[in-house]
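The values are calculated or read from the model by the stated rules, or taken from the named source; none is laboratory data. This one's a predicted model, so the numbers in the text were calculated from it and none came from an experiment. Because the Cβ atoms are built from the backbone with ideal geometry, glycine has one as well, and the counts that use them run over all protein chains shown.
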Amino acid sequence: MQLIIDKVFLWFDFNLNIVIEYMPFFLKGAVLTIGISVAGILIGTFLGLFIGIGKMIKITVFRLPFIWYINFFRGTPLLVQLFLIHFGVMGLFMSPVSKTASAIVALSLNSAAYVAEIFRAGIKSIDIGQSEAASSLGMNKFQVMRYVVLPQAFKRMIPPLGNEFIVLLKDSSLAAMIAAPELLYWGKAAVGQYTRVWEPYLTVAIFYLILTLSLTYLLNRLEKRLDAQ
């Protein structure tokens, strides 16, 4: 029992000096985390839109590549994808391989698979009668998608897209596994130097909590604004 009590007191023996010393590195890592996440969100959303539309192609032979893209990136761990891209794929395009670029590519490709399904479900949820009515007015398929379907579908996609963006922000911590100097990387560095886990990892957790809550707030504001229109 005494051993348990001693461990509890040890856990709460918070050394603030470690946090103060590493705060510049945590802030720098947080900036990189935000940059990686924003890049992954933007690229993943752009790719996801086209992959989602591609999966709805009626000709099977053209639809299969999009189906298997989604199957692969949804059916394998993101960490494995990150290792494959960083240690295998990126070396074909750059030397030396940028850890940050590898993280952005892996997050973007992974997110695109989930965003594609969100777009596909959102587009499918729009009544086909609206597309037929727009076509009868002389709109081509691109115009129907651009001016009729997507604006309505986008409102319905905000909640699941928001959830995907929050997941991607947290998943960016996996970039520490390839030594990309993001937020968790500096937490691990502090743990390695002081052999204390409480201060660095709690600080990292607070940073991620602030980022995710801020993103949740912004997405809620956007959703309410679109509902009011």
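Among the small types (Gly, Ala, Ser), under 18 Å from Met177 (Cα atoms) and exposed (fewer than 13 other Cβ atoms within 10 Å of the Cβ), is that true of Gly88? So Gly88 fits the description; yes. Taken over the range 72-101, the residue count meeting the criterion of being in contact (Cβ under 8 Å) with a residue 12 or more places away in the chain and within 19 Å of Val167 (Cβ to Cβ) is 8.
Only residues that are under 13 Å from Glu117 (Cβ atoms) and free of Cβ contacts under 8 Å to residues at least 40 places away in the same chain were counted across the range 28-49, and they come to 0. Scanning the range 194-219 for residues that are touching a residue at least 12 places away in the same chain (Cβ under 8 Å), not aliphatic (A, V, I, L, M) and not in a loop (DSSP other than H, G, I, E, B) returns Tyr194, Trp198, Glu199, Pro200, Tyr201, Thr203, Phe207, Tyr208, Thr212, Thr216. Of all residue pairs spaced 6 or more apart or on separate chains, those with beta-carbon atoms under 8 Å, a first member in the range 179-193 that is under 18 Å from Val38 (Cα atoms) and a second member that is part of a helix (DSSP H, G or I) and basic (Lys, Arg) are Ala180/Lys99; Pro181/Lys28; Pro181/Lys99. The conditions of being surrounded by fewer than 12 Cβ atoms within 10 Å (Cβ to Cβ) and either within 20 Å of the chain's Cα centre (by Cα) or in a helix (DSSP H, G or I) (or both) are not met by Phe73.
Annotation note: Cβ proximity below 9 Å between a residue of the range 102-130 that is without any contact (Cβ under 8 Å) to a residue 40 or more places away in the chain and a residue that is among the basic types (Lys, Arg) and assigned to a helix (DSSP H, G or I) (sequence gap 6+ or interchain) occurs for Ala121/Arg156; Gly122/Lys155; Gly122/Arg156; Ser125/Arg156; Ile126/Arg156. Exactly one residue among Ser135, Ser102 is assigned to a helix (DSSP H, G or I), at pLDDT below 90 and hydroxyl-bearing (Ser, Thr, Tyr), and that residue is Ser135.
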